[in-house]
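K.L.:
Next up is a structure, given as structure tokens.
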């Protein structure tokens with residue numbers, strides 16, 4: 001069974017500073033990888049996803065993530081954070097066979113705090 | 001883009017009553033729909049997977065008689081929490097999958113259920 005580890009429960013970053021949120025996954029085959037953002041009491045918004053191809057993925061709101069198979073990682077980065085980026089971030093893994101029949105397995109999330 | 005509408009966004013019900021939550025894909029046909037549960041400040045846990053016209057597949061530990069799922073069409077899935085109790089209070093989120101286009105997994109905005 002697949003699993004996702006987000007080792008940082010909370011991260012505090014100053015506005016304008018760079019950001020990296022860590023994500024490690026465990027899956028036997030080629031995974032589908034996702035990053036979602038959730039504001040309090042809201043649903044999930046997709047930031048970016050990796051299915052195949054270029055291992056550096058560009059997403060919305062200036063986010064990017066890099067798939068590193070050798071490290072089983074899919075870390076999320078942003079060069080300069082804005083106060084509006086404060087939220088909960090979830091990394092998720094799905095079956096890599098293209099099978100949408102499988103639900104996603106989520107990490108525990110990282111709570112991002114932006115300091116003025 | 002793909003939009004999933006989830007209704008209601010919040011509901012308060014008395015212990016022992018049943019509550020129905022609807023999840024609709026507005027501009028695409030969802031091959032598969034998923035239901036997740038999220039406790040406060042925790043991650044999303046997959047409850048069940050439903051395919052149109054088929055019985056839902058429940059994850060281990062999820063009571064299928066308590067959480068009734070109906071997926072009558074390619075655009076509508078419903079989750080009914082039967083004989084709700086306070087421990088069923090949670091945030092429920094649906095997700096729709098389509099293999100077409102670039103949609104992948106699209107999430108609803110969630111339903112906050114409070115059982116009193």
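The values are calculated or read from the model by the stated rules, or taken from the named source; none is laboratory data. This one's a predicted model, so the numbers in the text were calculated from it and none came from an experiment. Neighbour counts run over all protein chains shown; Cβ positions are idealised from the backbone, glycine included.
K.L.:
Take the conditions more than 14 Å from chain A (Cβ to nearest Cβ) and either crowded, with 21+ Cβ neighbours inside 10 Å or within 16 Å of residue A:102 (Cβ to Cβ) (or both) and apply them to residue B:62. Does it pass? Walk me through how you get there before you give the answer.
P.N.:
Working: more than 14 Å from chain A (Cβ to nearest Cβ): no; either crowded, with 21+ Cβ neighbours inside 10 Å or within 16 Å of residue A:102 (Cβ to Cβ) (or both): yes.
No, not satisfied.
K.L.:
Oh, and also: Which members of segment B:74-90 meet the condition of being closer than 19 Å to residue B:105 by Cβ and surrounded by fewer than 18 Cβ atoms within 10 Å (Cβ to Cβ)?
P.N.:
B:76 - this is the single residue of segment B:74-90 that is closer than 19 Å to residue B:105 by Cβ and surrounded by fewer than 18 Cβ atoms within 10 Å (Cβ to Cβ).
K.L.:
In addition: Out of all the residues in segment A:26-49, is one or more within 14 Å of another protein chain (Cβ to nearest Cβ), over 30 Å from residue B:112 (Cα atoms), assigned to a loop (DSSP other than H, G, I, E, B) and touching a strand residue (DSSP E or B) at 6+ places or on another chain (Cβ under 6 Å)? It would help to see each step written out before you state the result.
P.N.:
Let us first name the residues in segment A:26-49 that are within 14 Å of another protein chain (Cβ to nearest Cβ), namely A:31-49.
Next, only the ones that are over 30 Å from residue B:112 (Cα atoms) stay: A:31.
This time we only want the ones that are assigned to a loop (DSSP other than H, G, I, E, B), so: A:31.
Filter once more, so that each one left must be touching a strand residue (DSSP E or B) at 6+ places or on another chain (Cβ under 6 Å): A:31.
Scanning segment A:26-49 turns up at least one residue that is within 14 Å of another protein chain (Cβ to nearest Cβ), over 30 Å from residue B:112 (Cα atoms), assigned to a loop (DSSP other than H, G, I, E, B) and touching a strand residue (DSSP E or B) at 6+ places or on another chain (Cβ under 6 Å).
K.L.:
Among the candidates A:33, A:46, A:56, which residue alone is on the phi < 0 side of the Ramachandran plot and more than 12 Å from the chain's Cα centre (by Cα)? Show your work before the answer.
P.N.:
Details: A:33 fails: more than 12 Å from the chain's Cα centre (by Cα); A:46 fails: more than 12 Å from the chain's Cα centre (by Cα).
A:56 is the lone residue from the list that is on the phi < 0 side of the Ramachandran plot and more than 12 Å from the chain's Cα centre (by Cα).
K.L.:
Mind listing just one residue for me: the one in segment B:91-116 that is part of a loop (DSSP other than H, G, I, E, B) and in contact (Cβ under 8 Å) with a residue 12 or more places away in the chain and, of those, surrounded by the most Cβ atoms within 10 Å (Cβ to Cβ)? Please lay out each step first, then the result.
P.N.:
At the first step, the residues of segment B:91-116 found to be part of a loop (DSSP other than H, G, I, E, B) are B:99-103, B:108-110, B:116.
Restricting the remaining residues to those that are in contact (Cβ under 8 Å) with a residue 12 or more places away in the chain gives B:99-101, B:103, B:108-110, B:116.
Details: B:99: 12, B:100: 9, B:101: 9, B:103: 20, B:108: 27, B:109: 16, B:110: 22, B:116: 9.
Filtering first and then ranking leaves B:108.
K.L.:
Regarding segment B:7-30, can at least one residue be identified that is in a loop (DSSP other than H, G, I, E, B), within 13 Å of the chain's Cα centre (by Cα), within 24 Å of residue A:37 (Cα to Cα) and modelled with pLDDT of 95 or more?
P.N.:
Kept after step one, since they are in a loop (DSSP other than H, G, I, E, B), are these residues of segment B:7-30: B:8-9, B:14-18, B:26-30.
Okay, now just the ones that are also within 13 Å of the chain's Cα centre (by Cα), so B:8-9.
Then drop every residue that is not within 24 Å of residue A:37 (Cα to Cα), which leaves B:8-9.
When the remaining residues are screened for being modelled with pLDDT of 95 or more, the result is B:8-9.
Yes: one or more hits.
K.L.:
So if I check each of A:116, A:31, which one is over 28 Å from residue B:59 (Cα atoms) and in contact (Cβ under 8 Å) with a residue 60 or more places away in the chain?
P.N.:
Numbers: A:31 fails: over 28 Å from residue B:59 (Cα atoms).
Checking each option against the conditions leaves just A:116.
K.L.:
Further question on the same structure: Select, from A:4, A:81, the only residue that is buried (at least 16 other Cβ atoms within 10 Å of the Cβ), out of contact with any helix residue (DSSP H, G or I) (no Cβ under 7 Å at 6 or more places or on another chain), assigned to a strand (DSSP E or B) and in contact (Cβ under 8 Å) with a residue 40 or more places away in the chain. Write out each step before concluding.
P.N.:
Numbers: A:81 fails: assigned to a strand (DSSP E or B).
Exactly one of A:4, A:81 is buried (at least 16 other Cβ atoms within 10 Å of the Cβ), out of contact with any helix residue (DSSP H, G or I) (no Cβ under 7 Å at 6 or more places or on another chain), assigned to a strand (DSSP E or B) and in contact (Cβ under 8 Å) with a residue 40 or more places away in the chain, namely A:4.
K.L.:
Hey, another quick one. Assuming residue B:42 fulfils every condition listed in (1) touching a residue at least 40 places away in the same chain (Cβ under 8 Å); (2) part of a loop (DSSP other than H, G, I, E, B) apart from one, which condition is it?
P.N.:
(1) is the only condition that residue B:42 fails.
K.L.:
Could you list all residues from segment B:51-73 that are modelled with pLDDT of 90 or more and not in a strand (DSSP E or B)?
P.N.:
Result: B:56, B:59, B:60, B:61, B:62, B:63, B:64, B:65, B:66.
K.L.:
Take the residues of segment A:13-25 that are more than 13 Å from chain B (Cβ to nearest Cβ) and in a loop (DSSP other than H, G, I, E, B): which is farthest from residue A:85 (Cα to Cα)?
P.N.:
First, pick out the residues of segment A:13-25 that are more than 13 Å from chain B (Cβ to nearest Cβ): A:13-22, A:24-25.
Next, from what is left, pick out any that are in a loop (DSSP other than H, G, I, E, B): A:15-18, A:22.
On the way: A:15: 9, A:16: 11, A:17: 12, A:18: 12, A:22: 16 Å.
Here the residue is A:22.
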